[in-house]
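Scroll down for the structure; my scribbles are underneath it.
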Amino acid sequence: MAANAVLDRWSLSGRTALVTGGTKGIGHGIVEELAKLGATVYTCARNEAELKKCLQQWEAKSFKVAGSTCDVSSPVEREKLMENVKSAFHGKLDILVSNAGTGIMKPALGVTPEEYKFITTTNFESAFHLCQLAHPLLKASGRGTIVFNSSIAGMVGIDMFCLYAATKGALNQLTKSLACEWAKDNIRTNCVAPGYIKTPLIQNALEDEAFVAGETRRIPMGRLGEVQDVAPVVAFLCLPASCYVNGQVVVVDGGRVVNGNI
């Protein structure tokens, strides 16, 4: 294989990507990872000030990143987001990373109807709708890739996280279904399922020494995860080198869910 062909398999040069929730946590890491590999990235966030700050930082790093504000829990804003992406990328999109999500740590009996609606809409409904909206753009690219950000909570039972876990389990199944349905359109669909990763979403839990000690004990690698443990895995699933990987839920958790010695 020619040297250039080998390099092309490990490059995203010339590729376009939409990453939702790209201003902090895992999403921020994904934006940077894809940009480092040469992709032109469009991202979104609810907080305009945070978005502008990140865009300025990425410009200083010479990353090709643009973005706009969007609350992915809103169908109207999702539609506006995809119109912006369509315009920015001239009707084609190579990569959709549905990363934005949220959660609450609460007993099942205490979940309110408002919380139920917000969590399910943000974590699952938005991902499904964005896939519907992005499908024509991904198909037009001839090499479309979708990556969902799920969680090990979608695979194992975790106290106080039942609603969050249900939405992540749904994402895992959506991954498999779309992988089969849309392969004919040259669109691959995969998913990463991180364990506990040090992000703002679990900041309160990270301040609980007993929680951190208990989780660390369950992880064979002996530590909680970092953003840089997850972002490169997402990037790999977007690379030409992973062109035969489809319908997979890739767990990134230091071995926690396979550890029987707990």
Legend entry - Tally, over segment 141-159, of residues that are among the charged types (D, E, K, R) and touching a residue at least 40 places away in the same chain (Cβ under 8 Å): 1
Legend entry - Residue in segment 33-53 that is of a type in the set (Asp, Glu), assigned to a helix (DSSP H, G or I), open to solvent by 60 Å² or more (accessible area, probe 1.4 Å) and within 29 Å of residue 154 (Cβ to Cβ) present: yes
Inset, instruction - Could you please let me know if residue 184 is free of Cβ contacts under 8 Å to residues at least 12 places away in the same chain, within 24 Å of residue 12 (Cα to Cα) and over 14 Å from the mean Cα position of the chain (by Cα)? - result: yes
Inset, instruction - Could you please find all residues in segment 159-205 being in contact with a Phe, Trp or Tyr (Cβ under 8 Å, 6 or more places away or on another chain), part of a helix (DSSP H, G or I) and among the hydroxyl-bearing types (Ser, Thr, Tyr)? - result: 167, 175
Inset, instruction - Confirm whether residue 247 is part of a loop (DSSP other than H, G, I, E, B) and either among the basic types (Lys, Arg) or surrounded by fewer than 20 Cβ atoms within 10 Å (Cβ to Cβ) (or both). - result: yes
Inset, instruction - State the number of residues belonging to segment 54-73 that are assigned to a loop (DSSP other than H, G, I, E, B) and either of a type in the set (Lys, Arg) or open to solvent by 30 Å² or more (accessible area, probe 1.4 Å) (or both). - result: 5
Inset, instruction - Determine whether residue 217 is assigned to a strand (DSSP E or B) and of a type in the set (D, E, K, R). - result: no
Legend entry - Matching residues, segment 140-165, being surrounded by fewer than 18 Cβ atoms within 10 Å (Cβ to Cβ) and farther than 27 Å from residue 232 by Cβ: 140, 157, 159, 160, 162
Inset, instruction - Give me a count of the residues in segment 216-234 that are closer than 14 Å to residue 194 by Cβ and either touching a residue at least 40 places away in the same chain (Cβ under 8 Å) or surrounded by fewer than 16 Cβ atoms within 10 Å (Cβ to Cβ) (or both). - result: 11
Inset, instruction - Pick out the one residue from 112, 102, 145, 121 that is under 18 Å from the mean Cα position of the chain (by Cα) and over 24 Å from residue 231 (Cβ atoms). - result: 121
Legend entry - Conditions (1) open to solvent by 40 Å² or more (accessible area, probe 1.4 Å); (2) under 16 Å from the mean Cα position of the chain (by Cα); (3) of a type in the set (Asp, Glu): number failed by residue 94: (1)
Legend entry - Close pairs from segment 11-28: first open to solvent by 20 Å² or more (accessible area, probe 1.4 Å), partner of a type in the set (Asp, Glu), Cβ under 6 Å, at least 6 apart: 15/94; 16/94
Legend entry - Subset of segment 250-262 (residues that are in a helix (DSSP H, G or I) and either small (Gly, Ala, Ser) or in contact with a Phe, Trp or Tyr (Cβ under 9 Å, 6 or more places away or on another chain) (or both)): 256
Inset, instruction - For segment 217-232, enumerate the residues that are more than 17 Å from residue 151 (Cα to Cα) and either in contact with a Pro (Cβ under 6 Å, 6 or more places away or on another chain) or not charged (D, E, K, R) (or both). - result: 220, 221, 222
Legend entry - Only one of 84, 123, 99 that is touching a residue at least 24 places away in the same chain (Cβ under 8 Å), surrounded by 14 or more Cβ atoms within 10 Å (Cβ to Cβ) and farther than 29 Å from residue 203 by Cα: 84
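The values are calculated or read from the model by the stated rules, or taken from the named source; none is laboratory data. Because the structure is a prediction, the values reported are computed rather than measured. Here the Cβ is made from the backbone with ideal geometry for all residues, glycine too, and neighbour counts use every protein chain on show. Calculation scope for accessible area: heavy atoms of the full protein, side chains included, ligands and nucleic acids excluded. Shrake-Rupley method; radii C 1.70, N 1.55, O 1.52, S 1.80 Å.
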